[in-house]
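Report on the structure given below.
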Amino acid sequence: MPDAAPTTRRRAWLRGLLAGPLALLAALLTMMAGALWLPEGAAGLDHLVLPVLVFPLLWAGWFLYACLDPRLPRGYAVVGGAALLQLGLILAHVLAAKAGGA
Amino acid sequence: MIKLPKQQTQSLLAVHGWSGVLLGLLLYAVICTGVAAVFAEEIGDWANPLAQPAPATLPAGFDARFRELAAQVDPRHHEEILLFPSAGKRWHLLFHSHETGADGQHLERGTEFELDPNSLAVLSRQDGLVEDIGAGRRSNAVAEFLVDLHVRLHLPNPWGLLLTGTLGLMMMVAAISGLFLHRHLFKEIFTLRRRRGLLTARDLHVTAGTWNLPFAFLLAFTGSFFSFATTVGVPAMAMVAFNGDVEAATEALTAKKLPEDATPAAASNLDQLLADARQRGGGGDIAFAQLQHWGRADGWANVQLAPREGGLIGDILLYSLPSGGFLREQPFLGHTPSLGNDLVLLMSPLHFGNFAGVLSKSAWFALGFAGAYVTLTGLLLWTRRRDEQRNWRWMNRGIHAVGYGLPLALAAAPYAWFLLPREGAWHPLDTQGLLFLLVSALVILASLLARDLDRLRRGLLAATGLALLGLPLARLVGGGPGWASAWQQGQTSLLSVELALLLAGLLCLHFARRGAQAGAETTPASAPTTAEQA
């Protein structure tokens, strides 16, 4: 029982980390990578505009999910996995652009 | 009714409460100023009216006046010319050019004329960097003070926008979590128990909040978009798609490209061009015009019109400057119609409520007011429930100071515009800011010294009422047209604002007085404040 309070406090901090900076990072990376995988549309700008437009919704969505998932490790896996996936897409694009430029 | 497991409900309850308390006071400030800013145009016109009301559109002879002024500025500044209205429908004509500074920074330099909308006489002229010209504009200072407080809390860019964007996100989170938490959503919409004290206050908060949920979400979403689009969105997109070049990203989204041709070519008559644009736009007012490469063969004019009656968005029309011919209807973003362009254009009327004139603005004002009420009562309920704890009692004082002091400081700020010199060394935005801070400091002092928070609340309400009632008189002292003259000249906007101020002032006095009577009649109502005195 004496360990219950520190554990609860640690979980609260971990939850805060997930719902705060990590959810923001996931939303930012999803927005940035959206420019790479969304269709360009007739004017060639939908892929640039739509991610910016839905950015507040992305952040709110990740934030609420991070607060609600009862299993913290799964929350980290989902938010972190999504963020890493988008980061991988962005890095691949940047490296390909550099290789093309060279 | 939305059923959730107990643990998730508790998590949501914590999110709902803390998201409200942590940033609630700042959010309240943003909502309060946003409510007033719905009528920013009318407030600007009211604070600085012309002796003779402006005509619906630019008077004939604008083209001749334009050419006369163009001849007075450095020809380099013919590169880009902006035309837009401000307070009292004064027209601003900004000639400017783009250059690269010594440190490689992009700079805009030019000359701006402020024109009387009736005679087109030059009211003022400013030369220099466009940034400084913008900071030096004075005619719309009362509305600008409100809008700037709403948009970025008077903090420097980009921090103010980032803060208000984050507040918008918290409001969105509060709205979504509120939707899940209020299990008896439809029942609570109509539940108002007529009992004094905490229960009724809770019912009012829940009922106003429940009705207001979709609107709160809408405002929070669109507000966050406006705050983050330029500070986070465009730089992030530029990083991915334009190798970090923000200028290139902006150019790709907004530039109206015509083939480059620097051959000198006389520009066509602007009176005819603007008249044609108004006719194509259903007779709507000119909201904004951008002229590029005036006097060159590739010159073009982009004319943005106010929305047609019943429409959400005004037309944007592209013209050739040498021929004066209509080229095409121009999307706000890109060169051809797109889903992204349509959705971005929708953000503005949804946030500002300016799509159906005074009617939609009044609806947005009322809904925004309900939002401010929900925020304030939510904070008060939260602290009153924790009234036995010392820290929360201090928080309760803070909420009273901000909740009832902010409207007072906002009502007091325009006195600086009306009663102090407008053209002196001090910019009217600064004098208003100083008066705002002075009143805020006095309110904070009063809230620290107050022994009875209910008396403080009533005192601040009464002071706000008096400040609102005095504003029309201050305007008259400041040199504006009298009521009879305004009535004769059909300045209904001015009279409507003054009527609204008088009504709001009387309502504040009424609620201050009613609160006093209720407090005298029923001691239980003042129970929370007796704990404060203990």
Picking from A:41, A:88, A:61, the residue that is of a type in the set (Gly, Ala, Ser) and facing another protein chain (nearest Cβ under 7 Å) would be A:41
Residue, nearest to the chain's Cα centre (by Cα), within region B:314-335, restricted to residues that are within 14 Å of chain A (Cβ to nearest Cβ) and not in a strand (DSSP E or B)
B:332
Of the residues that sit in region B:72-88 and are in a strand (DSSP E or B) and not β-branched (Val, Ile, Thr), which one is farthest from residue B:39 (Cα to Cα)?
B:80
Taking region B:92-106, which residues are farther than 9 Å from residue B:80 by Cα, within 27 Å of the chain's Cα centre (by Cα) and of a type in the set (A, V, I, L, M, F, W, C)?
B:93
From A:25, A:84, A:68, grab the single residue that is surrounded by 13 or more Cβ atoms within 10 Å (Cβ to Cβ) and free of Cβ contacts under 8 Å to residues at least 24 places away in the same chain.
A:68
Among B:135, B:141, the single one that is more than 18 Å from residue B:216 (Cα to Cα) and in contact with a Phe, Trp or Tyr (Cβ under 7 Å, 6 or more places away or on another chain) is B:141
May I ask you to list the residues in region B:147-164 that are in a helix (DSSP H, G or I) and surrounded by fewer than 24 Cβ atoms within 10 Å (Cβ to Cβ)?
B:147, B:148, B:150, B:151, B:152, B:159, B:160, B:161, B:162, B:163
Can you pull out every residue in region B:448-466 that is in a helix (DSSP H, G or I) and either without any contact (Cβ under 8 Å) to a residue 24 or more places away in the chain or of a type outside the set (Gly, Ala, Ser) (or both)?
B:448, B:449, B:453, B:454, B:455, B:456, B:457, B:458, B:460, B:461, B:464, B:466
Taking residue A:2 and the conditions (1) part of a helix (DSSP H, G or I); (2) modelled with pLDDT under 90; (3) more than 11 Å from chain B (Cβ to nearest Cβ), which numbered condition does it fall short on, given that it satisfies the others?
(1)
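Here's the yes/no breakdown for (1) surrounded by 18 or more Cβ atoms within 10 Å (Cβ to Cβ); (2) under 26 Å from the mean Cα position of the chain (by Cα):
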position: B:418; (1), (2): yes, yes
position: B:423; (1), (2): no, yes
position: B:426; (1), (2): no, yes
position: B:451; (1), (2): no, no
position: B:461; (1), (2): yes, yes
position: B:473; (1), (2): no, yes
Evaluate region B:389-406: report whether one residue or more is touching a residue at least 24 places away in the same chain (Cβ under 8 Å), crowded, with 21+ Cβ neighbours inside 10 Å and more than 24 Å from residue B:511 (Cα to Cα).
no
Options B:409, B:370: the member that is away from chain A (no Cβ under 14 Å), closer than 24 Å to residue B:445 by Cα and crowded, with 19+ Cβ neighbours inside 10 Å
B:409
Could you list all residues from region B:289-334 that are modelled with pLDDT of 85 or more and charged (D, E, K, R)?
B:296, B:298, B:315, B:328, B:329
Scan of region B:336-359 for residues that are assigned to a helix (DSSP H, G or I), more than 14 Å from chain A (Cβ to nearest Cβ) and out of contact with any Phe, Trp or Tyr (no Cβ under 9 Å at 6 or more places or on another chain), ordered by number
B:357, B:359
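The values are calculated or read from the model by the stated rules, or taken from the named source; none is laboratory data. Please read all numbers here as calculations on a predicted model, not as lab measurements. Note that each Cβ is placed from the backbone with ideal geometry, even for glycine, and that neighbours are counted across all protein chains shown.
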